[in-house]
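Working notes, structure below.
What follows draws every value from the coordinates through simple rules; no lab data is involved. Computed from a predicted structure; not experimentally measured. In this analysis, Cβ positions are derived from the backbone assuming ideal geometry, glycine residues included, and neighbour counts consider all displayed protein chains.
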Amino acid sequence: MNKIIIYGSIYGTTKMYAEELAKETKISIIPFKNLDDINNYDTIIYFGALYAGGVLGLAKTFKKLKDIKDKKIIIATVGLADPKDEINITNIRNNLKVQLSKEVLDKAKIFHLRGGIDYENLSFAHKTMMTLLYKKTKHMKEERMTPEDKAIIATYNKKVNFVDLNKLNDIIKEIEN
Ligand SMILES: Cc1cc2nc3c(=O)[nH]c(=O)nc-3n(C[C@H](O)[C@H](O)[C@H](O)COP(=O)(O)O)c2cc1C
């Protein structure tokens with residue numbers, strides 16, 4: 001079986017998960033931008049950071065996949081909002097429906113991981129975006145906030161790291177399955 005780990009990451013937390021999985025499984029790893037042809041692989045493991053609900057590089061990568069019949073597809077999202085929260089999971093999955101064909105979505109095993117943020121490292125554009133979101137959100141009643149809103153409030157202007165590499169064990173089991 002020809003396996004590949006592909007990742008979409010800007011600040012490195014998603015890359016940390018992807019690299020650790022590559023180390024533990026000895027599967028080749030590549031950033032989505034450098035991928036040659038996704039059709040060369042039978043098992044495709046995609047790690048993508050969440051940005052404004054979308055998974056970085058996901059649509060672009062899977063758009064090129066032609067015949068998925070005999071493929072094994074694993075997708076892991078990495079975001080700040082709590083992946084144990086059912087509403088968060090529902091929001092992420094609704095967004096996946098926009099980014100992936102029904103065929104790919106039905107076939108994929110999906111996992112949700114937690115990343116981190118360091119405001120000192122954010123680009124000017126991202127810092128501005130988060131500041132605008134924070135200002136919009138902070139006056140909302142808590143019961144009206146989405147898990148993403150709560151994550152923005154709790155982590156604003158901070159450095160937080162929720163990366164938990166033990167969470168890769170479920171993905172390893174799925175690869176071996
Ligand atoms: C502009 C911006 C938008 C974001 N949007 C979301 C989001 O919609 N949902 C979420 O859970 N996290 C969101 N995050 C947090 C990132 O997903 C989180 O920092 C992740 O760990 C980044 O991965 P990376 O370090 O691999 O780039 C956002 C962060 C930024 C800077």
Exactly one of (1) within 22 Å of residue 86 (Cβ to Cβ); (2) of a type in the set (Gly, Ala, Ser); (3) in contact (Cβ under 8 Å) with a residue 24 or more places away in the chain is unmet by residue 154. Its number? (3)
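In segment 80-94, how many are near the ligand (Cβ under 9 Å from one of its atoms) and in contact (Cβ under 8 Å) with a residue 60 or more places away in the chain? Steps first, answer last, please.
Taking segment 80-94 as the starting set, the residues that turn out to be near the ligand (Cβ under 9 Å from one of its atoms) are 80-83, 88, 91-92.
Okay, now just the ones that are also in contact (Cβ under 8 Å) with a residue 60 or more places away in the chain, so 80-82, 88.
Selection size over segment 80-94: 4.
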Subset of segment 80-95 (residues that are assigned to a helix (DSSP H, G or I), surrounded by 15 or more Cβ atoms within 10 Å (Cβ to Cβ) and in contact with a helix residue (DSSP H, G or I) (Cβ under 6 Å, 6 or more places away or on another chain)): 88
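Let me confirm something: among 18, 22, which residue is buried (at least 17 other Cβ atoms within 10 Å of the Cβ), farther than 24 Å from residue 129 by Cα, within 14 Å of the chain's Cα centre (by Cα) and of a type in the set (Gly, Ala, Ser)? Step through it out loud before you land on a result.
Numbers: 22 fails: within 14 Å of the chain's Cα centre (by Cα).
Just one listed residue meets the conditions, 18.
When you scan segment 98-177 for helices (runs of 4 or more DSSP H) that lie fully inside it, which ones turn up with 2 or more residues that are within 11 Å of the ligand (Cβ to nearest atom) and surrounded by fewer than 16 Cβ atoms within 10 Å (Cβ to Cβ)?
Numbers: elements: 102-107, 124-137, 147-155, 168-176.
Answer list for segment 98-177: 124-137.
Could you identify the single residue in 38, 68, 27, 44 that is more than 13 Å from the chain's Cα centre (by Cα), surrounded by 23 or more Cβ atoms within 10 Å (Cβ to Cβ) and more than 8 Å from the ligand (Cβ to nearest atom)?
Working: 38 fails: surrounded by 23 or more Cβ atoms within 10 Å (Cβ to Cβ); 68 fails: surrounded by 23 or more Cβ atoms within 10 Å (Cβ to Cβ); 27 fails: surrounded by 23 or more Cβ atoms within 10 Å (Cβ to Cβ).
So the residue among 38, 68, 27, 44 that is more than 13 Å from the chain's Cα centre (by Cα), surrounded by 23 or more Cβ atoms within 10 Å (Cβ to Cβ) and more than 8 Å from the ligand (Cβ to nearest atom) is 44.
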